[in-house]
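Student: Quick one: the structure is below, questions incoming.
None of the figures in this text is laboratory data; all of them are computed from the coordinates on show. Treat the numbers as computed from the prediction; the structure is a model and nothing was measured. All Cβ positions, even for glycine, are placed from backbone atoms using ideal geometry, and neighbour counts span all protein chains on display.
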């Protein structure tokens, strides 16, 4: 086998085979393999980017559930705070509350007179002069109930006047109801 002699025609055929084989590899490599590999790489990057976006969205969704629950609790806190410190005067509600408490504690209100308001940094103090009649203990329970109401109210400048020889009398005081300035 060491002395194999090829004819010119055989050498030409081998050269043509190598040339066509090289040409085939070149065409396959540059027109099919490399563009397909480039497309595969681009698509792989797109998939990785989309997966990263999906993971971010899942993390935000998990945070969103917490935010949604927090929003509900903050709204509930806001409603509770507005009941304690309303934005408006809400005079009808105030009168209803005072009337209900006076009936419950058996005192009779003789007069309610608005006496002004004073703005402080975060709230407004609205005052009313109230005169009432009743038993001393009932008046005390009534004043305590005012202080325990959901809306923030205080009684100030209390003056008690005794009826002659009885445990009842008249009381006048300033009712301070507060409202939010925001």
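Student: Could you tell me how many degrees, from 0 to 90 and to the nearest 10, lie between the Cα long axis of helix 34-84 and the main elongation axis, the longest principal axis, of the Cα atoms of the chain?
Tutor: Rounded to the nearest ten degrees, it is 0.
Student: Here's a follow-up. If you take mean projected area of the Cα convex hull in nm² from the coordinates, which of [x] 12.3; [y] 23.2; [z] 10.1 do you get?
Tutor: It is the one labelled [y].
Student: With springs only between Cα atoms under 10 Å apart, run a GNM on the chain and tell me which of 126, 74, 27 wobbles the most.
Tutor: Judging by the Gaussian network model, the answer is 27.
Student: Would you work out the relative contact order for the stretch 91-180, in percent, from Cα pairs under 8 angstrom that are 6 or more residues apart? It would help to have the intermediate numbers written out before the result.
Tutor: Values: 160 pairs, mean separation 26.4, N = 90.
For the stretch 91-180, the relative contact order is 29 percent.
Student: Now a separate question. Percent relative contact order of the chain, based on C-alpha pairs within less than 8 angstrom and at least six residues apart? Numbers along the way, then the final one.
Tutor: Details: 188 pairs, mean separation 33.8, N = 182.
This gives 19 percent for the chain.
Student: So how do 139, 109 line up by other beta-carbon neighbours within 10 Å, fewest first? Could you put the intermediate results ahead of the total?
Tutor: Working: 139 23, 109 17.
Least to most surrounded, the residues fall as 109, 139.
Student: Looking only at 45, 129, 60, which one moves most when the chain is put into a Gaussian network model with springs between Cα atoms under 10 Å?
Tutor: 45
Student: Turning to a different aspect of this structure: May I ask for the angle, rounded to the nearest 10°, between helix 136-148 and the longest principal axis of the chain, with both axes built from Cα atoms and the value confined to 0 to 90°?
Tutor: 20 degrees
Student: Which one of 140, 37, 118 has the biggest mean-square fluctuation once the chain is modelled by GNM with Cα springs under 10 Å?
Tutor: Of 140, 37, 118, the most mobile in the Gaussian network model is 37.
Student: Sorted from fewest to most neighbouring beta carbons within 10 Å, what does the list 39, 97 look like? Write down the numbers at each step before the final one.
Tutor: On the way: 39 10, 97 18.
Placing the least packed residue first, the sequence is 39, 97.
Student: Follow-up. Which angle from 0 to 90°, rounded to the nearest 10, does the C-alpha axis of helix 91-104 make with the longest principal axis of the chain?
Tutor: Taking Cα atoms only, the helix is inclined about 60 degrees.
Student: Please rank 53, 93, 138, fewest neighbouring Cβ atoms within 10 Å first, as an exposure proxy.
Tutor: Working: 53 10, 93 14, 138 19.
So the ranking, lowest neighbour count to highest, is 53, 93, 138.
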